[in-house]
Amino acid sequence: MKISATFDSGAIEVVRLDDPTDIRLRLRKDNAADFHQWFHFRLMGAAGKPVHMVFENAGTAAYPGGWRDYRCVASYDRQNWFRIAATRFENGELIVDHTPAHDSVYYAYFEPYSHERHLDLVARVEQSPFARVRNLGSTVEGRDLDLVEVGQDAPGRVPIWIIARQHPGETMAEWFVEGLLERLLDGADPVARKVREQALLHIVPNMNPDGAVRGNLRTNAAGRNLNREWRAPDAVASPEVFLVRAEMERTDCALFLDIHGDEALPYVFFSTAEEVPGFTAEAAAAQARFVETLRAVSPDFQTEEGYKPGRFGEELLTLASKWVANHFGCVSLTLEMPFKDNAILPDAQVGWNGARSKRLGAAMLDPILRHLGDGGDPARGA
Ligand code: ZN
């Protein structure tokens, strides 16, 4: 048997591999921070063998609550990912029992989204007559920070910003953007067409490509949690936020969506802006219309379950969507999707996955169009 993780977004530590009925593993920390929860590795030479894998340090992971009712994902062909029912969390350890059908099998925390797929997405989008791809600068490790622009840069266009994957282990966020872009660039889709006619969209499919390639859960190559950098981004340690924030200041922002995944909650939900200082009644009304429109078009989305008030405490305005709500006074939302399954529409075979994230991304165009129909954002002063 062999376990390897020296590939795009690979991450695991092997403690013992001499007995397939007692494989001992440890979740690897982010490269420059203590967060650990993401894993992605290949097991070879175990076809037909009942494999018992123990992740010894799951109890000290960033979100231990993420293991309750969690099911590990696996794939033989790296295209189709399925859930392993025999996954459980006991005494601080994550335990996965599986009998691989083939000698080569991949296991991961969630369906991966590779850097090659990211580059393919950006290249494909760049071929569209409706989109332009711009380089905003470089990440800590010198990767391109790609910005996709859709719509004409003309007077009266409503500036909309959508960013994803500040937390690199939240791969569902880039699956979401792929689905959103595919619909947005569809010449036959009437909703996409109206959005393209009224708005100028600025979309960052991956805010943290360094962390993504390294297999980090939560930080960039310099160990920064990008979604705590928005009040004072650092040109050297968090250039990803520094560059995007500067471009937002240049273009203005009338609607902001920050796309994430939540380890613990088995629901699709928004983190809204009521707690942000200066959040007006008009902004609250526009936010309510946006949220209700998504609920009407996507049965995967709900508003009953989500974060409790006060979750972010003193850090509130260091978060992207809260800083934007405060600074630009517009509707500004964090979308969270589950790592587990969606409890209101479960699928035992795949749980929440890339395909479902893509459908949600496509559905998001409906509330965006409704928002534009409301005249952009009424909260913004005349
Ligand atoms: Zn996140």
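Using the structure shown, decide if Gly142 is within 16 Å of the chain's Cα centre (by Cα), more than 16 Å from the ligand (Cβ to nearest atom) and in the same structural domain as Phe339 (by TED's automatic domain parsing). For Gly142, the condition - within 16 Å of the chain's Cα centre (by Cα), more than 16 Å from the ligand (Cβ to nearest atom) and in the same structural domain as Phe339 (by TED's automatic domain parsing) - is not met. Just to be sure, is Arg183 away from the ligand (no atom under 16 Å from the Cβ), touching an Asp or Glu at 6+ places or on another chain (Cβ under 9 Å) and over 17 Å from Glu247 (Cβ atoms)? So Arg183 passes the test.
When we screen Gly59, Gly66, Gly48 for residues that are over 25 Å from Arg356 (Cα atoms) and assigned to a helix (DSSP H, G or I), the only hit is Gly59. The selection criterion, being closer than 23 Å to Gly169 by Cβ, of a type outside the set (Val, Ile, Thr), open to solvent by 50 Å² or more (accessible area, probe 1.4 Å) and within 16 Å of the ligand (Cβ to nearest atom), does not hold for Arg359. Among the residues in segment 221-241, are any assigned by TED's automatic domain parsing to the domain that holds Ala320 and touching a strand residue (DSSP E or B) at 6+ places or on another chain (Cβ under 7 Å)? The answer is yes, given that some residue of segment 221-241 is assigned by TED's automatic domain parsing to the domain that holds Ala320 and touching a strand residue (DSSP E or B) at 6+ places or on another chain (Cβ under 7 Å). For the condition open to solvent by 10 Å² or more (accessible area, probe 1.4 Å), under 30 Å from Arg143 (Cα atoms) and in contact with a helix residue (DSSP H, G or I) (Cβ under 6 Å, 6 or more places away or on another chain), what is the one hit in Glu111, Glu93, Glu13, Glu116? Being open to solvent by 10 Å² or more (accessible area, probe 1.4 Å), under 30 Å from Arg143 (Cα atoms) and in contact with a helix residue (DSSP H, G or I) (Cβ under 6 Å, 6 or more places away or on another chain) holds for just one of Glu111, Glu93, Glu13, Glu116, which is Glu111.
Determine, yes or no, whether Val276 is closer than 22 Å to Leu316 by Cβ, assigned to a loop (DSSP other than H, G, I, E, B) and either touching a residue at least 12 places away in the same chain (Cβ under 8 Å) or out of contact with any Lys or Arg (no Cβ under 6 Å at 6 or more places or on another chain) (or both). So Val276 fits the description; yes.
Six or more apart or on different chains, Cβ under 8 Å: which pairs go from a residue in segment 197-220 that's in the same structural domain as Asp144 (by TED's automatic domain parsing) and farther than 17 Å from Cys253 by Cα to one that's of a type in the set (Phe, Trp, Tyr) and open to solvent by 10 Å² or more (accessible area, probe 1.4 Å)? Could you list them? The qualifying pairs are Asn216/Phe35; Leu217/Phe35; Arg218/Phe35; Thr219/Phe35. With the structure loaded, tell me whether Ala283 is assigned to a loop (DSSP other than H, G, I, E, B), away from the ligand (no atom under 16 Å from the Cβ) and either outside the structural domain of Ile163 (by TED's automatic domain parsing) or open to solvent by less than 60 Å² (accessible area, probe 1.4 Å) (or both) or whether it fails that test. When the stated conditions are applied, Ala283 does not pass them.
Of all residues in segment 237-280, those that are β-branched (Val, Ile, Thr) and within 16 Å of the ligand (Cβ to nearest atom) total 5.
The values are calculated or read from the model by the stated rules, or taken from the named source; none is laboratory data. It should be emphasised that the depicted structure is a prediction, and the values quoted were computed from it without experimental measurement. In this analysis, Cβ positions are derived from the backbone assuming ideal geometry, glycine residues included, and neighbour counts consider all displayed protein chains. All accessible areas refer to the heavy atoms of the entire protein, side chains included, with ligands and DNA or RNA removed. Shrake-Rupley method; radii C 1.70, N 1.55, O 1.52, S 1.80 Å.
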